[in-house]
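The values are calculated or read from the model by the stated rules, or taken from the named source; none is laboratory data. Bear in mind the structure is a predicted one, so any value in this text is a computation, not a measurement. Please note: Cβ atoms are built from the backbone with ideal geometry, for glycine as well, and neighbour counts cover all protein chains shown.
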Amino acid sequence: MIGNRITHRTADGIRIPGTWRHAFIRNGGQYFLTDLFIYADGLIDCWGLVTLAEFEEKLRTGWVATSFPEGGEASAHELADWKFSEPESWLTPELLVAEVRDTIDQLNGRPDSTERCLAAVDVFLADRTEENRAAAGAAFLAVPESQRRFALGDMDRKDWPLRVLAAGPGGRTYLSFDGTVSQENYNGALAYFEERARWKAERATHVPADGPATPHAPAVQLYHSYPTKPVSDPGKPGLRHDYPAPITVSGTSYPSVAHAYWALSAAEPGTRHTIAKSESASAARTLAAGVPRREDWGQVRTAVMTQLLRAKYEQHPELAAVLLATDDATVIYDDMNSNFWGDNTGQGRNWSGRLLELVRSELQMRRAGIFAG
């Protein structure tokens with residue numbers, strides 16, 4: 001399972017997505033807790049990049065360990081050393097390889113063994129021949145045993161319906177305590193899958209009461225631009241904070257949102273006036289960086305920017321129209337000077353984009369006449 005353990009490596013300038021999990025390696029008779037990195041191109045890094053076949057060989061020889069001797073010495077680098085006492089392991093070499101194969105499928109967006117199993121069950125439900133049931137059963141048993149209980153995403157039943165379907169009436173599951181599968185058990189499993197199929201069909205057509213969770217318009221990226229004067233049709237560059245769209249806030253005029261933002265960040269009123277008169281937004285930022293800043297700026301800056309953006313789009317209807325034309329798109333704002341305001345290829349927090357989406361929703365509300373009068 002990939003989960004939140006996301007990583008990557010770069011090969012020939014190409015980003016190769018990957019994930020990681022813990023593993024033990026045995027080196028010089030001692031066991032070391034380390035990280036096992038798995039990449040979409042099928043390479044595995046556990047103290048060195050290897051192919052899947054080479055990784056299997058490391059498992060076969062015990063260099064990557066899945067079992068541990070009583071009293072064996074172990075170490076977690078720079079954290080702890082210990083000896084195993086009554087060690088238990090839930091992995092075998094075969095099981096770990098199967099899980100790694102599934103992970104490579106997931107990283108490539110291919111169906112893994114669980115998805116292949118559920119697809120085989122759907123085939124059986126559509127045409128209930130013994131051949132199709134046996135195929136579904138085989139697909140289920142091909143799922144790594146450590147993952148079978150999660151296959152249905154049902155925390156109450158676990159994989160019981162799949163165990164019963166795979167065994168068939170009169171058969172036995174892979175768990176010894178299940179006993180012989182009765183016809184009643186089998187009918188119950190079929191009813192479970194029929195109900196699950198109905199639920200999936202209903203869910204596919206379900207519309208959340210509050211509307212869709214994701215935008216239908218393609219994302220909008222506001223790349224860096226260096227405008228020096230207003231133009232008749234600025235397009236999306238006009239949405240950037242440094243675009244020269246003068247605003248007036250609390251009786252003071254500023255050449256752009258960026259000018260106002262940097263001026264208001266300064267602690268001294270006289271300095272604010274000087275920053276506001278800077279020849280460019282870049283110059284305003286440079287000047288503001290060299291003077292004392294308001295002590296509370298970190299707490300108020302997002303609220304200040306929100307008010308400045310509201311002023312910009314209230315005072316410049318032509319730019320408000322550009323913003324409204326982005327519909328419900330995610331706004332991705334580049335800012336090489338700030339990972340707070342910019343997205344910066346996913347490394348930043350994108351507060352500029354988020355606040356533009358907020359102001360856009362307020363403009364849409366006003367256009368719709370909500371709360372009017």
Q.
Restricting to segment 19-61, name every residue that is of a type in the set (Gly, Ala, Ser), at pLDDT 95 or above and more than 25 Å from the chain's Cα centre (by Cα).
A. Ala53
Q: Please work out if Tyr39 is touching a helix residue (DSSP H, G or I) at 6+ places or on another chain (Cβ under 9 Å) and surrounded by 15 or more Cβ atoms within 10 Å (Cβ to Cβ).
A: yes
Q) Where in segment 143-260 are there strands (runs of 3 or more DSSP E), lying fully within it, with 1 or more residues that are β-branched (Val, Ile, Thr) and over 31 Å from the mean Cα position of the chain (by Cα)? A) 247-249, 252-254
Q: Considering only segment 260-288, state which residues are in contact with a strand residue (DSSP E or B) (Cβ under 9 Å, 6 or more places away or on another chain) and under 21 Å from Leu319 (Cα atoms).
A: Ala260, Tyr261
Q. Surrounded by 18 or more Cβ atoms within 10 Å (Cβ to Cβ), within 21 Å of Leu358 (Cβ to Cβ), in the same structural domain as Trp351 (by TED's automatic domain parsing) and of a type outside the set (Lys, Arg), is that true of Ser256?
A. yes
Q | Residue within segment 199-218 that is surrounded by 15 or more Cβ atoms within 10 Å (Cβ to Cβ) and free of Cβ contacts under 8 Å to residues at least 40 places away in the same chain present | A | no
Q. Would segment 307-322 turn up any residue that is part of a loop (DSSP other than H, G, I, E, B) and modelled with pLDDT of 95 or more?
A. yes
Q. Among the residues of segment 88-96, is there at least one that is surrounded by fewer than 17 Cβ atoms within 10 Å (Cβ to Cβ), of a type in the set (Ser, Thr, Tyr), touching a strand residue (DSSP E or B) at 6+ places or on another chain (Cβ under 9 Å) and closer than 30 Å to Asp41 by Cβ?
A. yes
Q. Of all residues in segment 1-19, how many are surrounded by 12 or more Cβ atoms within 10 Å (Cβ to Cβ), assigned to a strand (DSSP E or B) and not basic (Lys, Arg)?
A. 7
Q | Output for segment 22-54, where each listed residue is more than 18 Å from Arg9 (Cα to Cα) and of a type in the set (A, V, I, L, M, F, W, C) | A | Ala23, Phe24, Ile25, Phe32, Leu33, Ala53
**Q.** Subset of segment 50-70 (residues that are in a loop (DSSP other than H, G, I, E, B) and either outside the structural domain of Ile38 (by TED's automatic domain parsing) or within 15 Å of Phe37 (Cα to Cα) (or both))
**A.** Thr51
Q.
Within segment 66-75, does at least one residue satisfy the condition of being surrounded by 12 or more Cβ atoms within 10 Å (Cβ to Cβ), among the acidic types (Asp, Glu) and more than 25 Å from Thr114 (Cα to Cα)?
A. yes
(Q) If Glu268 meets every condition in (1) assigned by TED's automatic domain parsing to the domain that holds Leu355; (2) under 35 Å from the mean Cα position of the chain (by Cα); (3) among the acidic types (Asp, Glu) apart from one, which number is that one? (A) (2)
Q. Would segment 77-86 turn up any residue that is in contact with a Phe, Trp or Tyr (Cβ under 8 Å, 6 or more places away or on another chain) and either outside the structural domain of Arg21 (by TED's automatic domain parsing) or of a type outside the set (Asp, Glu) (or both)?
A. yes
Q) Can you name every residue in segment 287-309 that is exposed (fewer than 14 other Cβ atoms within 10 Å of the Cβ) and farther than 24 Å from Val359 by Cα? A) Ala289, Gly290, Pro292, Glu295
(Q) Of everything in segment 3-52, what is free of Cβ contacts under 8 Å to residues at least 60 places away in the same chain, among the aromatic types (Phe, Trp, Tyr) and closer than 18 Å to Leu107 by Cα? Give them in sequence order. (A) Trp20, Phe37
Q) His22: assigned to a strand (DSSP E or B) and exposed (fewer than 14 other Cβ atoms within 10 Å of the Cβ), yes or no? A) yes
